[in-house]
Amino acid sequence: MQKSELEYFKGILKDRKEQILKNLSGVEEEMTELQSQDLSDEGDFASANSDSLVESAIITQQQKELSEIENALKKIENGEYGVCEMCEDPIGFQRLKVKPHAVYCIDCREIVEKSNKE
């Protein structure tokens, strides 16, 4: 992969990382606010509990993506970015444009998804 392409993806990954960190900070503030509310009836409690579950799911997903982004940034620094972890072939440019922190090429991703469903 050319240096200009690496810089392009590095910029995208860093921007996404910054956005996720802002999101996580905002969600944590919302969770703290939900926990500090005085819930007087079952409806309020159910609504707050539902909100809390949604927020927890968002945090989990965002933390997973953040970890994948950190991994991709390390790969850029190590010169290993854009290489499939399964077959070691290059990951297509278009795939990386859609998911810059991808670790598998299209073919290997399908294999992994099929094996996870079974």
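So here's what we get for this one:
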item: Among (1) outside any helix (DSSP H, G or I); (2) in the same structural domain as residue 1 (by TED's automatic domain parsing) - the single one residue 73 does not satisfy; result: (1)
item: Matching option when the condition is hydroxyl-bearing (Ser, Thr, Tyr) and either surrounded by 15 or more Cβ atoms within 10 Å (Cβ to Cβ) or at pLDDT 75 or above (or both), among 67, 40; result: 67
item: Selected residue (only one of 35, 19, 61, 2 is loosely packed, with under 11 Cβ neighbours inside 10 Å, at negative phi and either modelled with pLDDT of 85 or more or of a type in the set (Ser, Thr, Tyr) (or both)); result: 2
item: Extreme residue, surrounded by the most Cβ atoms within 10 Å (Cβ to Cβ), among residues of segment 76-101 that are assigned to a helix (DSSP H, G or I) and without any contact (Cβ under 8 Å) to a residue 60 or more places away in the chain; result: 95
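The values are calculated or read from the model by the stated rules, or taken from the named source; none is laboratory data. Treat the numbers as computed from the prediction; the structure is a model and nothing was measured. No Cβ is skipped: glycine too gets one built from the backbone with ideal geometry, and neighbour counts run over all protein chains shown.
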